[in-house]
């Protein structure tokens, strides 16, 4: 039996457990993931408040954007964002997006 992962643990599983059950944000044993009604993102201000971009971190599986659908995830990403801010000297903001619009599928 596969141990279920919580939505927050789902994103942390690769780094903390080397768990290869994850494929693009889904894991075996996870059921009834909550509907995403809002998103949070860590955004770096580059040359001014009108020049900004999403930040990410490199993992062994590739680049991971610093985004989340709940504050627990955002709290878990803050140390990484602080490290990026210290290394780059850039101002990093946490933005909340609340307008949900489905624009298609794949």
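For segment 52-106, the relative contact order is 19 percent, taking Cα pairs closer than 8 Å that sit 6 or more residues apart in sequence and dividing their mean separation by the residue count. Label sites at residue 100 and residue 59, each approximated as a point 7 angstrom past Cα along Cα to Cβ, lie 2.3 nm apart. Taking the number of Cβ atoms within 10 Å of each Cβ as an exposure proxy, the fewest-first ranking of 58, 78, 90 is 58, 78, 90. Ordered by the number of other Cβ atoms lying within 10 Å of each residue's own Cβ, fewest first, 98, 59 fall into the sequence 98, 59.
As a proxy for reagent exposure, ranking 47, 76 by other Cβ atoms within 10 Å from fewest up yields 47, 76.
Computed on the Cα atoms alone, the convex hull of segment 36-99 gives a volume of 94 cubic angstrom per residue.
Computed from the coordinates by the stated procedures, all read-outs in this text should not be read as laboratory data. Just so you know, these numbers come straight off a predicted model, no measurement behind them. Cβ coordinates were reconstructed from backbone atoms using ideal geometry, including for glycine residues, and neighbour counts include every protein chain displayed.
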